[in-house]
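Peer 1: Quick one: structure below, then a few questions.
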Amino acid sequence: TQLLEQSPQFLSIQEGENLTVYCNSSSVFSSLQWYRQEPGEGPVLLVTVVTGGEVKKLKRLTFQFGDARKDSSLHITAAQPGDTGLYLCAGAQGQKLVFGQGTRLTINP
Amino acid sequence: DVKVTQSSRYLVKRTGEKVFLECVQDMDHENMFWYRQDPGLGLRLIYFSYDVKMKEKGDIPEGYSVSREKKERFSLILESASTNQTSMYLCASSWILGTTGNTIYFGEGSWLTVV
C-alpha cells in the first residue's frame, strides 16, 4: 500500500494546456516536497511546502499544501515541452522521506 | 554546489554475486539514504543512516545491508544478488530534516542488472 498516492500516473497533453497533479495521503507530514526527474538522472527538488494551506509559485508552477498537511497539488499553467518529465511528491516523516509513485508528464508540441 | 556521487552508473552482475554500491557526499550531511526506483512504484527506501555507524531499516531492507564507517560515505551491499534486485538505485543525503523541510540531494543513480 502506497503511503502517498499520486494521480494521474501518466499524463500527455498539448503545449499550452493547463494541468494539475495530485498527491494524497491519510497521513500528516511535517513538510511535503515536489521533485522533478529527467531520464538517467536523480530527482531534483522543485519546492518544499511546510505550512498547511501554503501556496508557492515557481514561474508557471503553483504548489499547494492542504490545510491538514495530508495532501498537495502541483498546477502547471500553459505547459511547455520543457516541462516533460517525471514529477514526484515526497512527504517528510521524521528523518525519512516517503515518495509517491510519480506522474510521468509528456507535453506534446 | 552539493554533490552526491555514486561510484558506478551501470553494473551487470550474476545471480549470487556480492555487489557493493558506493556513495559519497561532500556537504557534511548527517543523513544518508539508499532508495530503489522501479516503474510504477516510485522510490522505496531501503536503508538510511543518521550518523556514522548508525543505520535504520527502510521499507524494503530484505536482501540488503549497509555500511557507514565515515560520515561522507554510505555503502549498499547486496550479499547475494538476485534477479528481482535489478533496478535503479539512488543514494541521497541531507541535513537533519526539520520543520523547515530541508532538501534531500540525490546522486545520479546506479543501474544494476542481475542476470
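The values are calculated or read from the model by the stated rules, or taken from the named source; none is laboratory data. In this text the structure is predicted, and so the values were computed from the model without any measurement. Heads up, the Cβs are rebuilt from the backbone with ideal geometry, glycines too, and the neighbour counts pull from every protein chain shown. Accessible surface is based on the protein model in full, side chains and every heavy atom, while ligands, DNA and RNA are left aside. Shrake-Rupley method; radii C 1.70, N 1.55, O 1.52, S 1.80 Å.
Peer 1: Return the residue satisfying two criteria in turn: it lies in the range A:79-109 and is within 20 Å of A:Ala68 (Cβ to Cβ) and outside any strand (DSSP E or B), and of such residues it is nearest to the other protein chains (Cβ to nearest Cβ).
Peer 2: Per the criteria, the residue is A:Gly100.
Peer 1: Separate question: Any residue in the range B:26-49 that is part of a strand (DSSP E or B), more than 25 Å from A:Pro39 (Cβ to Cβ) and open to solvent by 50 Å² or more (accessible area, probe 1.4 Å)?
Peer 2: Checking the range B:26-49: not a single residue is part of a strand (DSSP E or B), more than 25 Å from A:Pro39 (Cβ to Cβ) and open to solvent by 50 Å² or more (accessible area, probe 1.4 Å).
Peer 1: Filter the range B:62-102 down to the residues that are without any contact (Cβ under 8 Å) to a residue 24 or more places away in the chain and either among the aromatic types (Phe, Trp, Tyr) or within 14 Å of another protein chain (Cβ to nearest Cβ) (or both), then identify the one that is surrounded by the most Cβ atoms within 10 Å (Cβ to Cβ).
Peer 2: That would be B:Gly101.
Peer 1: Any residue at all in the range A:42-64 that is touching a residue at least 12 places away in the same chain (Cβ under 8 Å) and among the acidic types (Asp, Glu)?
Peer 2: no
Peer 1: Kindly indicate whether any position in the range A:60-69 is in a loop (DSSP other than H, G, I, E, B), at the interface with chain B (Cβ under 10 Å from one of its Cβ atoms) and modelled with pLDDT under 95.
Peer 2: No, the range A:60-69 has no match at all.
Peer 1: A follow-up question, please. Looking at the structure I just gave you, is A:Gly52 closer than 21 Å to B:Leu41 by Cα and in contact with a strand residue (DSSP E or B) (Cβ under 8 Å, 6 or more places away or on another chain)?
Peer 2: So A:Gly52 does not fit the description; no.
Peer 1: While we're looking at this one, here's another question. Spot the failing condition for B:Arg9; the list is (1) in contact (Cβ under 8 Å) with a residue 60 or more places away in the chain; (2) more than 10 Å from chain A (Cβ to nearest Cβ); (3) among the basic types (Lys, Arg); (4) surrounded by fewer than 14 Cβ atoms within 10 Å (Cβ to Cβ), and only one is missed.
Peer 2: (2) is the only condition that B:Arg9 fails.
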